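To start, the structure under review is shown below, and the notes come after it.
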């Protein structure tokens, strides 16, 4: 009798294990291809452009004052020379502080803009996984091996739920970004 119960228990364990459903998704692809990510990238690029323009203005100011200083250094009195050197030092410090602050602000802005995008992608993926009865969903980018016969790729369902065009791929996104960068550099 104990042998029969043991065999039945082992059979049930094997049956329940084979009934479990696994899925995988390319989460980074979803996030990068979402229409909301395009707007976030545009906002970040505009902020970077504005920061670069401000930085360049500060550098131009420094270069102008440094050139004038070099041209007239021999004609300055010691007090005037010290005043001009202090002014140049202050401008350099402002430039350095600006660079540090703007880098931190741009990172914070990117996190703020991307957070709701990640959240939306996560929620849609969770909905699809629950509806499909999957017990685990793995991120494809962190897996070394996936047996597609035992794990379902839910990326296409997630793409559709997130409004990502069927013909949009990471390659097409990279081409779009490269074309925008080339156009911006041409200006």
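The values are calculated or read from the model by the stated rules, or taken from the named source; none is laboratory data. Computed from a prediction, not measured in an experiment: that's the story for all the values here. Positions of Cβ are generated from backbone atoms using ideal geometry, with glycine treated the same way; all protein chains shown enter the neighbour counts.
Anything in the range 137-182 that is in contact with a strand residue (DSSP E or B) (Cβ under 8 Å, 6 or more places away or on another chain) and not in a strand (DSSP E or B)? List them, or say none. Give the derivation first.
In the first step, residues of the range 137-182 are kept if they are in contact with a strand residue (DSSP E or B) (Cβ under 8 Å, 6 or more places away or on another chain); the result is 137-140, 143, 146, 150-155, 158.
Listed by number, the residues that qualify are 140, 143, 146, 150, 154, 155, 158.
Tell me which residues, restricted to the range 141-151, are surrounded by 11 or more Cβ atoms within 10 Å (Cβ to Cβ) and either farther than 13 Å from residue 25 by Cα or modelled with pLDDT of 90 or more (or both).
Passing the criteria: only 151.
Do the conditions hold for residue 185, that is, is it assigned to a helix (DSSP H, G or I) and within 16 Å of residue 24 (Cα to Cα)?
Taking the combined requirement at face value, the residue does not satisfy it.
Check whether at least one residue in the range 168-180 is farther than 16 Å from residue 29 by Cα and surrounded by fewer than 12 Cβ atoms within 10 Å (Cβ to Cβ), and report yes or no.
Among the residues of the range 168-180, at least one is farther than 16 Å from residue 29 by Cα and surrounded by fewer than 12 Cβ atoms within 10 Å (Cβ to Cβ), which makes the answer yes.
Here's the yes/no breakdown for (1) surrounded by fewer than 14 Cβ atoms within 10 Å (Cβ to Cβ); (2) under 21 Å from residue 29 (Cα atoms):
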| position | (1), (2) |
| --- | --- |
| 67 | yes, no |
| 72 | yes, no |
| 82 | yes, no |
| 96 | yes, no |
| 99 | yes, no |
| 103 | yes, no |
| 115 | yes, yes |
| 119 | yes, yes |
| 137 | no, yes |
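Can you say whether residue 31 is surrounded by 15 or more Cβ atoms within 10 Å (Cβ to Cβ), touching a strand residue (DSSP E or B) at 6+ places or on another chain (Cβ under 7 Å) and either under 30 Å from residue 180 (Cβ atoms) or modelled with pLDDT of 95 or more (or both), as far as the supplied structure shows?
Judged against the criteria, residue 31 is not a match.
Inside the range 21-136, counting only helices (runs of 4 or more DSSP H) that do not spill past its ends, which hold 3 or more residues that are in contact (Cβ under 8 Å) with a residue 60 or more places away in the chain, under 25 Å from the mean Cα position of the chain (by Cα) and closer than 17 Å to residue 156 by Cα?
27-33, 78-132
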